[in-house]
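Visitor: Pasting a structure here, questions to come.
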Amino acid sequence: MTMPRGEAPAELQQVAEVASTCTLCRLSEGRTQVVFGMGDPEAALMFIGEGPGEQEDRQGLPFVGRSGQLLDRLLLEELGITRDRVYIANVVKCRPPANRDPKPDEIAACRPYLERQLDLIRPAVVVTLGRFAAQWLLDTTDGITRLRGRSYPFAHGVLIPTLHPAAALRGGAEPLGQMRADFVRAKLALAAAGMAP
């Protein structure tokens, strides 16, 4: 069921409260806290990563380490906005040990939370950060280099895969340029949907 947009923030907070005490999978055993998501609950643009890292687990917020700093920089430089104008979430809400990929049962346990976030926020543009989120949301095994560089019909708009900011931090100018191009693609998709970033 889709809520009227004005009711989304309250409903999203209720879902976050339920998630905060979730013990449906083994990831709950090692977490410091659930990293549900952050940002504008009525955002036209949503970013989805794989799962929280160490810093995110400590602070309870997504993308707060070096990758988050790069995400913030690209938002400002390519879209002219700050993170409070978008919504940021992950496929899983608890940190996988040693930052490993989430396992199928862990994804299944978190799936209702992300689906509810998408349903309540109803973003016109979803940008996936990294291979894992793109593959899961597009239901494909194609790699991120094959997926990125275009947009896909998705939910209430389009999905634009891009590299994870950590890949750009490790890889230098080429992956950073690819991320910039994907952020411009997101900006154009927002404009096509009649929404300013």
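Visitor: Within segment 169-197, track down each residue that is open to solvent by 40 Å² or more (accessible area, probe 1.4 Å), in contact with a Lys or Arg (Cβ under 8 Å, 6 or more places away or on another chain) and in contact (Cβ under 8 Å) with a residue 60 or more places away in the chain.
Guide: Listed by number, the list holds a single entry, L169.
Visitor: Enumerate the pairs (first residue in segment 1-26 and farther than 14 Å from D119 by Cα and among the polar types (S, T, N, Q); second residue anywhere and at pLDDT 95 or above and outside any helix (DSSP H, G or I)) with beta-carbon separation below 6 Å, excluding pairs fewer than 6 apart on the same chain, so at least 6 apart or on different chains.
Guide: If the second residue must be at pLDDT 95 or above and outside any helix (DSSP H, G or I), the pairs left are S20/V34.
Visitor: Given the criteria open to solvent by 50 Å² or more (accessible area, probe 1.4 Å) and touching a Gly at 6+ places or on another chain (Cβ under 8 Å), does D84 qualify?
Guide: yes
Visitor: Sort through A166, A98 and tell me the only one that's touching a helix residue (DSSP H, G or I) at 6+ places or on another chain (Cβ under 9 Å), surrounded by fewer than 22 Cβ atoms within 10 Å (Cβ to Cβ) and of a type in the set (G, A, S).
Guide: A166
Visitor: Moving on to the next point. Select the helices (runs of 4 or more DSSP H) contained entirely in segment 1-63, then report the ones holding at least 1 residues which are out of contact with any Gly (no Cβ under 6 Å at 6 or more places or on another chain), closer than 27 Å to P161 by Cα and open to solvent by 20 Å² or more (accessible area, probe 1.4 Å).
Guide: Result: 8-19, 54-59.
Visitor: Out of A108, A89, A133, I need the residue that is open to solvent by 60 Å² or more (accessible area, probe 1.4 Å) and hydrophobic (A, V, I, L, M, F, W, C). Which one?
Guide: Being open to solvent by 60 Å² or more (accessible area, probe 1.4 Å) and hydrophobic (A, V, I, L, M, F, W, C) holds for just one of A108, A89, A133, which is A108.
The values are calculated or read from the model by the stated rules, or taken from the named source; none is laboratory data. Computed from a prediction, not measured in an experiment: that's the story for all the values here. All Cβ positions, glycine included, derive from the backbone under ideal geometry; neighbour counts span all protein chains shown. Note: accessible area is taken over every heavy atom of the protein model, side chains too, but ligands, DNA and RNA are not part of it. Shrake-Rupley method; radii C 1.70, N 1.55, O 1.52, S 1.80 Å.
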